[in-house]
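The values are calculated or read from the model by the stated rules, or taken from the named source; none is laboratory data. Computed from a predicted model, the values in this text were never measured in an experiment. Here Cβ is always computed from backbone atoms with ideal geometry, including for glycine, and neighbour counts include all displayed protein chains.
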Amino acid sequence: MQSSSNFHFPSDPEIRRILSERIEYHKQGTGIVIGIVEPAGRRIVAHGRFGIDDPRFVDGNTIFEIGSVTKVFTALLLADMVQHAEVALTDPIAKYLPEEVVVPQRGDKVITLVDLATHMSGLPRMPDHFAPVNPDNPYADYSVEQLYQFLSNHQLTRDIGTQWEYSNLGYGILGHILARRAGTDYET
């Protein structure tokens with residue numbers, strides 16, 4: 001294994017060659033921006049365009065949708081908060097939600113933070129009343145009140161902790177809970 005002190009990132013021209021190959025040859029995107037932080041400082045290398053029908057070039061100021069990568073950030077926040085004894089993986093989620101929110105249960109099991117983090121909560125991928133106005137920013141008009149309404153009225157169709165089901169809803173709730181526990185909003 002090479003020690004980190006001997007590792008050197010490729011040069012900007014080499015990175016551009018790699019990006020060009022991925023975009024033009026492998027069709028793995030239309031534009032890619034790479035940010036590098038190294039002892040010598042920070043560099044940004046970009047190649048490509050906003051889209052097939054959008055001729056603008058991407059650069060260090062281009063905003064990309066990160067989608068499900070947010071789940072990784074949420075899991076890291078959870079791990080950090082567990083390490084600092086701010087939450088426990090086995091905490092019921094109801095502990096961190098307003099008293100008036102009725103969290104669905106099944107049998108004698110309650111949904112815990114670890115159930116949300118491992119997609120084992122029994123919650124669906126998306127709430128059944130999710131109807132975004134703008135498909136380019138689907139969560140922009142989904143309110144906390146709508147989330148609480150869904151939780152309070154949802155009936156689980158299977159036992160908690162028995163079957164894996166990918167749940168954007170579950171991770172959204174987890175991020176919301178962690179932000180509430182930290183006394184801030186998720187973005188902060």
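Here are the numbers for the structure shown:
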{"quantity": "Residue within the range 115-125 that is surrounded by 12 or more Cβ atoms within 10 Å (Cβ to Cβ), outside any helix (DSSP H, G or I) and out of contact with any Ser or Thr (no Cβ under 8 Å at 6 or more places or on another chain) present", "calculated": "yes"}
{"quantity": "Looking only at the range 58-81, and only at residues there that are of a type in the set (Val, Ile, Thr) and in contact (Cβ under 8 Å) with a residue 12 or more places away in the chain, the one that is nearest to HIS47 (Cα to Cα)", "calculated": "VAL58"}
{"quantity": "Residue, nearest to GLY107 (Cα to Cα), within the range 136-182, restricted to residues that are assigned to a helix (DSSP H, G or I) and of a type in the set (Val, Ile, Thr)", "calculated": "ILE173"}
{"quantity": "Members of the range 90-100 that are surrounded by 15 or more Cβ atoms within 10 Å (Cβ to Cβ) and free of Cβ contacts under 8 Å to residues at least 60 places away in the same chain", "calculated": "ASP91, PRO92, ALA94"}
{"quantity": "Residue in the range 37-59 that is in a helix (DSSP H, G or I), out of contact with any helix residue (DSSP H, G or I) (no Cβ under 8 Å at 6 or more places or on another chain) and either among the aromatic types (Phe, Trp, Tyr) or at pLDDT below 95 (or both) present", "calculated": "no"}
